[in-house]
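Enquirer: Can you keep this structure in mind? I'll have questions shortly.
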Amino acid sequence: MVRITEALVRKKAEHNEREIFSLEEISLHQENIERIENIDKWCKHLKILYLQSNLIPKIENVGRLKQLQYLNLALNNVERVENLEGCESLEKLDLTVNFVGELTSIECLKHHIFFNELYLTGNPCSQYEGYREYVIATLPGLKMLDGILVEKSERILAAQDYGVIRARIIQQQLEYKKKREIEKEEARLQEEREQREKEEQESIEGKPGFDGTWYTNINEEDKEKIAKKKTEKAEEEFKKDKEFWDTKSVFSPEERIRSHRKLEEQKDRDKKKEDEKNPPRPPRRMFADDGRPLNVNEAKINFTLTEDETGNNYLLDYQCYKYLDTSMIDVDVQPNYVKIQTKGRTFQLCLDQEVNADSSFCQRSQISGHLLVTMPKAKQIVRPPPKPTKVNTENKENEDVGSNKKSGRTVEKLEVDESARKTVDIGNIVKEKRQEVVPPLGSKPLGRKPEEKQTSENFVDDPDVPPLE
């Protein structure tokens with residue numbers, strides 16, 4: 001039995017960013033749901049509800065949906081219209097190909113002032129004599145019945161003969177009810193018979209040696225017997241399935257459920273055969289028997305693990321896809337390994353040295369999409385600062401030449417003939433003209449010492465003479 005769970009509703013609410021409290025439309029079709037539940041509690045603002053192609057036998061738990069405008073229950077097992085009195089805003093109800101035999105149950109809709117469209121095509125009640133006239137007369141606000149517009153003349157004629165038509169409908173309902181009781185009894189007996197056959201088959205198959213597995217040493221002849229038994233069993237199952245689908249069945253909810261179960265059994269058998277041909281892979285081992293982490297790269301994404309200049313940090317460049325959403329990447333750093341989950345695929349890398357998981361961090365490039373994980377080592381190495389190199393005056397000229405070569409420039413020296421050195425003073429070819437700077441009036445000359453005055457010839461330096469003030 002498939003139930004309506006919160007996870008299922010949130011999955012179907014992707015267009016509403018998985019929020020269900022404000023949901024106005026949801027589609028739960030083809031989910032094999034067998035009961036309507038919880039929707040009236042979680043989605044009180046719901047306006048459109050799609051529940052077609054399920055196994056729902058009863059309309060229930062929708063009375064709290066005051067804003068519900070459209071309810072689609074086509075291709076289900078509904079037998080009567082009920083529990084819709086609380087849906088005050090209901091405008092359209094689709095019950096195509098159900099098993100509604102109690103046509104008078106639609107009278108619960110006549111007080112809905114907004115209700116104007118109803119679909120009952122494919123139900124047993126649609127075969128009743130006077131079906132259309134009765135529905136039109138019972139629901140005065142109806143504008144469309146089974147996709148056909150209701151005309152005013154039809155409404156007037158139906159209202160005139162309403163009493164006679166209703167009595168005729170009730171009589172046909174009673175006949176259908178008796179027929180349904182017979183169908184239910186036959187379905188119950190059929191189910192009991194199939195259950196006994198299934199138990200007998202399971203008891204035979206459960207005995208040791210049925211498939212030849214009790215043999216200790218199986219020879220070629222025994223293998224042929226086992227293969228023959230399997231072939232006969234498959235052919236028998238195929239004949240039963242073919243007989244089931246070729247047999248004409250009655251149109252009833254029990255037969256629809258039986259057909260659904262038969263389809264599920266066939267799917268299970270086919271799945272088992274596929275599993276036998278292609279056995280599932282064993283689960284990926286992430287750790288060795290002694291607890292050591294293993295290197296794993298399920299996503300097959302390139303990566304590089306290096307150290308920074310100081311040698312105290314591991315740098316992991318994980319080259320993930322450029323347009324991959326960051327929410328699909330999960331990074332877990334442990335002391336001796338790092339693990340990255342990418343869309344359910346695992347990347348795990350062992351580390352030679354322990355790292356500080358609490359101090360680790362990761363960044364992602366917006367240009368390339370690469371993920372950079374920085375992991376500080378637990379044992380940090382303290383290195384002294386680099387010492388300045390001494391420059392020899394003798395090799396200074398050679399170093400300058402080397403530096404110029406590195407920068408791409410070439411140094412050319414001027415060669416002078418030795419005979420020219422004797423005749424020409426090379427050092428004073430160009431004499432610089434020194435311009436005397438005239439200080440402004442009243443200021444002391446800069447950069448020059450004041451000229452000392454020459455003493456006279458008769459000057460006697462006598463220490464006993466006091467200095468002039």
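Enquirer: Can you list residues whose amide H is under 5 Å from I33's amide H, if they're 5+ apart or on another chain and H is modeled 1.01 Å from N?
Expert: The answer is L55.
Enquirer: Now a separate question. For the range 237-243, just list the computed ³J(HN,Hα) in residue order, Karplus coefficients 6.51, -1.76 and 1.60, θ = phi - 60°, integers in Hz, with x standing in for Gly and Pro.
Expert: In residue order, the calculated couplings are 5, 5, 5, 5, 5, 5, 5 Hz.
Enquirer: Show me, for the range 14-25, the HN-Hα J-couplings you get by feeding each phi into the Karplus relation (A = 6.51, B = -1.76, C = 1.60, θ = phi - 60°), rounded to Hz, glycine and proline as x.
Expert: Result, rounded to whole Hz: 5, 5, 10, 6, 6, 8, 10, 5, 9, 5, 10, 8.
Enquirer: Under 15 Å Cα-Cα from K377, which aspartates and glutamates qualify once same-chain neighbours fewer than 8 residues away are excluded?
Expert: Output for K377: E307, D308, E309, D352, E354, D358.
Enquirer: So what's the net charge close to N336: Lys and Arg +1, Asp and Glu -1, counting the other residues with Cβ under 10 Å from its Cβ?
Expert: Numbers: positive: R292; negative: D352, E354.
Local charge sum for N336: -1.
Enquirer: Could you please report the charge total around R345, scoring K, R as +1 and D, E as -1 over all other residues with beta-carbon less than 9 angstrom from its beta-carbon? It would help to have the intermediate numbers written out before the result.
Expert: Working: positive: K300, K343; negative: E298.
Net charge in that neighbourhood comes out at +1.
Enquirer: Follow-up question, since we're still on this one. Cut-off is 10 Å between beta-carbons; in what order do I36, I48, I156 appear when sorted fewest neighbours first?
Expert: I156, I48, I36
Enquirer: On to the next question. Among M375, M286, what is the fewest-to-most ranking by other Cβ atoms within 10 Å? Before the final figure, lay out the partial values.
Expert: Values: M375 24, M286 13.
So the residues, fewest neighbours to most, are M286, M375.
Enquirer: Here's another thing I want to ask about it. Out of every Cα pair in the range 296-376, what percent are spaced more than 19 Å from each other? Working shown, then result.
Expert: Details: 994 of 3240 pairs.
In whole percent, the share of Cα-Cα pairs in the range 296-376 beyond 19 Å is 31.
Enquirer: Which entries in K58/K240; K262/K343; K198/K230 show an alpha-carbon gap greater than 24 Å? List each step's numbers first, then the result.
Expert: Details: K58/K240 32 Å; K262/K343 36 Å; K198/K230 17 Å.
Checking Cα-Cα distances, K58/K240; K262/K343 exceed 24 Å.
Enquirer: In what sequence, highest mean first, do 301-308, 146-153 appear when ranked by Cβ atoms within 10 angstrom? Let's see the in-between values first.
Expert: Values: 301-308: 12.6, 146-153: 10.9.
So the order, starting with the most tightly packed, is 301-308, 146-153.
Enquirer: Tell me, what HN-Hα J-couplings in whole Hz come from the Karplus equation 6.51 cos²θ - 1.76 cosθ + 1.60 at θ = phi - 60° for each residue of the range 247-254, using x for Gly and Pro?
Expert: Whole-Hz 3J(HN,Hα) from phi for the range 247-254: 6, 6, 10, 7, 8, 8, x, 5.
Enquirer: Work out the length of the dipole vector of the range 16-79 about its Cα centre, built from +1 on the beta-carbon of each Lys and Arg and -1 on the beta-carbon of each Asp and Glu, and round it to the nearest 20 debye.
Expert: On the way: 8 positive and 10 negative charges, 45 e Å.
The calculation lands at about 220 debye.
Enquirer: Assigning unit charges at the beta carbon (Lys, Arg +1; Asp, Glu -1) and nothing else, what dipole magnitude in debye, to the nearest 20, does the range 222-312 show about its Cα centre?
Expert: Using only the charged Cβ atoms, the result is roughly 700 debye.
Enquirer: Of the peptides 227-235, 79-87, 117-125, how do they stack up when ordered by the mean number of other Cβ atoms within 10 Å, highest first?
Expert: By packing density, highest mean first, the sequence is 117-125, 79-87, 227-235.
Enquirer: Below 8 Å between Cα atoms, with a sequence gap of 6+, how large is the relative contact order for the range 301-352 in percent? Spell out each step's value before the answer.
Expert: On the way: 62 pairs, mean separation 11.2, N = 52.
Once normalised by length, the contact order is 21 percent.
Enquirer: Let me ask something else about it. Given the pairs K242/K277; K271/K300; K11/K177; K225/K267, which span a C-alpha to C-alpha distance of over 31 angstrom in this model?
Expert: Working: K242/K277 24 Å; K271/K300 29 Å; K11/K177 40 Å; K225/K267 27 Å.
Cα-Cα > 31 Å for K11/K177; rest within.
Enquirer: Mind ordering 272-281, 22-31, 456-465 by average Cβ neighbours within 10 Å, highest first?
Expert: Working: 272-281: 8.4, 22-31: 16.4, 456-465: 5.9.
Order by mean packing, descending: 22-31, 272-281, 456-465.
Quick note: the coordinates plus some simple rules give every number you see, no bench work behind them. Source: prediction; values computed, not measured. All Cβ positions, even for glycine, are placed from backbone atoms using ideal geometry, and neighbour counts span all protein chains on display.
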